[in-house]
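Have a look at the structure below, then the notes.
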Amino acid sequence: MTSLVADTRTVFSRELRPLRYDPFTIIISMVQPLVFLALFAPLLPGDKSEALRWFVPGIIVMSCLFASSMTGSNLLFEIQTGSHERMLVTPLRRPALLIGRALKEIVPMVAQAALIVVVCLPFGYRLSVGGALLGLVILAGFSIGLGALSYALALAAKHQEWMFWVVQQTLLFPILLLAGVLLPLDGGPGWLRTLASFNPLRYVVDAERALFTGDIWQSTTVTGLVAAAAVGAFGLFVGVRAMNRST
Amino acid sequence: MKPSVGHMIETRGLTKHFKDVRAVDGIDLTVARGELVALLGPNGAGKSTTLRMLTTLIPPTAGTATVAGFDVVRRQREVRQRIGYIGQGNGAGHSQRGRDELISQGRAYGMGVRPARARAAELIESLGLGEVADRKVATLSGGQRRRLDIAMGLIHAPELLFLDEPSTGLDPQNRANLQEHILRLRAEHGTTIVLTTHYLDEADSMAERVIVVDHGRVIADDSPARLKAEHVGDTILLGFDSEQETTAAAATLSGRDSHPYGKELRIRTQGGPRQVPGLLEDLRSAGLPAASVEVIRPTLDDVFLTLTGRSLREGGANADRQPAVELVEV
Ligand SMILES: Nc1ncnc2c1ncn2[C@@H]1O[C@H](COP(=O)(O)OP(=O)(O)O)[C@@H](O)[C@H]1O
Ligand SMILES: [Mg+2]
């Protein structure tokens, strides 16, 4: 019998494998946020290196958010063809199916994060490598949870695929905006900040900003970790349940 | 963790309701080790739903099922480890390569990288997938994909194999090949095989036990030969030169279930071919030599028709009918 780690690796490497034959899609997805950064960063007021310190972690979080929320989209097709069913009959642990697929979406994002950082270095951007690594761990926890929710959404919407896109798109932007990823929340009205305080991504973003700068021993690190772990656990719970109940 | 000895599959009152649809409505089934069983029934009879419960994909609404010695609800992992399942769809991802899928399937069953690789190569060879195994699955033909599905189901050499409509959508040549593979698998490894089909000839020629399913229930369960003999029987058609001779022959054979139709005499009987020589002899000695003889053997469709009043061929079950007639030259 296999372990959860081995099962996750099996699912993850299966998912990643087609990219090996088709690296072009990875390159495209890597360039996207660079374009975004190039067009958005000049609009940020004040000192550029200061602005980047605020903005780079945000871009990285945004990429992971987008990528992991797409976890279910590849699944939709595999549900139709029968390859998802085939995998459900194997003894693969159910959480491994969720984690493996979510990781496949976000691992390319880690490479992308590195690229963004390198591109920003000439503009005076500096980061703490240790802090950033811890930040990525937190981000991975959040993304696994979101990926699992996306997976559950695909199972729920398997007979009407448009539902998947409607729900995914409807939720994505509020989550993004209410986390202060693109614009600071500080200047917003009270009701908006109250709403944001219920958004776990908000705590993740705050933690990332502090960690990338090297402020590891902060309360934001703890709240970020807790928020990410909560989303991760909740997502896996919902995802496994959806798999077991799906007819 | 030892599986309980005994039957490979045992169900009691196995039931699945989808809202108000009684897809499977109380099935009691016992399959012994090494059996090859076909579930035969029209579309919507509940064949796939039964298989999906036996393979842990969906929980039963009621009833119990033990597969390879383990309960399908409480011991899912143990069941999954021991069975192979080839579903109605295609198991390989379209953007994947066949060989890669085989290897990751092996890994999913806990095989090491090397053994999985070697086993994949072996199956690619034996299923004739050598030329296409390293191509994108999306570019394979229907027959090639189906063989890849079979290979994936066999990667861990399961003791019990489920196949849901394995040959649907294949041309006759590919279908024959596939059936041959399945039979060879059984002969070589003694694998227990449960397949579903709505092709009558497939159930007839492959399985030594056919379980006829309709509206979620088992309505008959026996060997094809016994099903036909018990529920339908043979018809012997004797041709004569005149209607008078036919009537006279009917009178001579008065102990039999015979009906004259013009110059033809229809006799309903069991074991038709064995009766023909004696019958002809009797008629000849009565001075009524038959001009022609046909033995019409029933098909499983006739069995289904007798049992349900409906034909399996209706409703999209477009199996091509094998002529079920044996001509005997006189
Ligand atoms: N997931 C499902 N949800 C609702 N109804 C279903 C589902 N699967 C099967 N059914 C219904 O259950 C019945 C049996 O279906 P199925 O087991 O697929 O039959 P078969 O495989 O013999 O063609 C059909 O009426 C079908 O519409
Ligand atoms: Mg079916």
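The values are calculated or read from the model by the stated rules, or taken from the named source; none is laboratory data. Owing to the predicted nature of the structure, the values given are computational and were not obtained by experimental measurement. Glycine also receives a Cβ, built like all others from the backbone with ideal geometry; neighbour counts cover every protein chain displayed.
Any residue at all in the stretch A:78-86 that's farther than 22 Å from A:Leu201 by Cα and in contact (Cβ under 8 Å) with a residue 40 or more places away in the chain?
yes
Can you list the strands (runs of 3 or more DSSP E) found entirely within the stretch B:1-93 that contain at least 1 residues being at the interface with chain A (Cβ under 10 Å from one of its Cβ atoms) and in contact with a strand residue (DSSP E or B) (Cβ under 7 Å, 6 or more places away or on another chain)?
B:9-18, B:21-31, B:83-86
Of the conditions (1) part of a helix (DSSP H, G or I); (2) more than 9 Å from every other protein chain (Cβ to nearest Cβ); (3) in contact with a helix residue (DSSP H, G or I) (Cβ under 6 Å, 6 or more places away or on another chain); (4) farther than 29 Å from B:Lys47 by Cα, B:Leu148 fails just one. Which one is it?
Of the numbered conditions (1) part of a helix (DSSP H, G or I); (2) more than 9 Å from every other protein chain (Cβ to nearest Cβ); (3) in contact with a helix residue (DSSP H, G or I) (Cβ under 6 Å, 6 or more places away or on another chain); (4) farther than 29 Å from B:Lys47 by Cα, the odd one out for B:Leu148 is (4).
Could you tell me whether B:Gln105 is within 16 Å of ligand 1 (Cβ to nearest atom) and in the same structural domain as B:Ile150 (by TED's automatic domain parsing)?
No, not satisfied.
Kindly provide the set of residues from the stretch B:295-326 that are outside any loop (DSSP other than H, G, I, E, B) and modelled with pLDDT of 50 or more, ordered by number.
Correct list: B:Val295, B:Ile296, B:Leu300, B:Asp301, B:Asp302, B:Val303, B:Phe304, B:Leu305, B:Thr306, B:Leu307, B:Thr308.
May I ask you to verify whether B:Val213 is within 14 Å of ligand 1 (Cβ to nearest atom), modelled with pLDDT of 85 or more, outside any loop (DSSP other than H, G, I, E, B) and within 14 Å of another protein chain (Cβ to nearest Cβ)?
So B:Val213 fails the test.
Which one is surrounded by the fewest Cβ atoms within 10 Å (Cβ to Cβ) among residues in the stretch B:96-120 that are without any contact (Cβ under 8 Å) to a residue 12 or more places away in the chain and more than 9 Å from every other protein chain (Cβ to nearest Cβ)?
Checking each candidate, the answer is B:Arg114.
Pick out the one residue from A:Ser68, A:Ser49, A:Ser73, A:Ser128 that is touching a residue at least 24 places away in the same chain (Cβ under 8 Å) and surrounded by 24 or more Cβ atoms within 10 Å (Cβ to Cβ).
Of A:Ser68, A:Ser49, A:Ser73, A:Ser128, the one residue that is touching a residue at least 24 places away in the same chain (Cβ under 8 Å) and surrounded by 24 or more Cβ atoms within 10 Å (Cβ to Cβ) is A:Ser68.
Give the residue that is nearest to A:Arg245 (Cα to Cα), with candidates limited to residues of the stretch B:33-48 that are near ligand 1 (Cβ under 10 Å from one of its atoms) and surrounded by fewer than 23 Cβ atoms within 10 Å (Cβ to Cβ).
Restricting to residues being near ligand 1 (Cβ under 10 Å from one of its atoms) and surrounded by fewer than 23 Cβ atoms within 10 Å (Cβ to Cβ), the top hit is B:Ser48.
Would you call A:Arg86 crowded, with 17+ Cβ neighbours inside 10 Å, within 21 Å of the chain's Cα centre (by Cα), part of a helix (DSSP H, G or I) and within 14 Å of another protein chain (Cβ to nearest Cβ)?
no
Taking the residues in the stretch B:8-32 that are aliphatic (A, V, I, L, M) and within 9 Å of ligand 1 (Cβ to nearest atom) as candidates, determine which candidate is farthest from B:Lys47 (Cα to Cα).
Taking the candidates together, the pick is B:Val21.
From the list B:Leu161, B:Leu178, B:Leu183, exactly one residue is closer than 22 Å to B:Leu51 by Cβ, more than 16 Å from ligand 2 (Cβ to nearest atom) and within 14 Å of chain A (Cβ to nearest Cβ). Which is it?
B:Leu161
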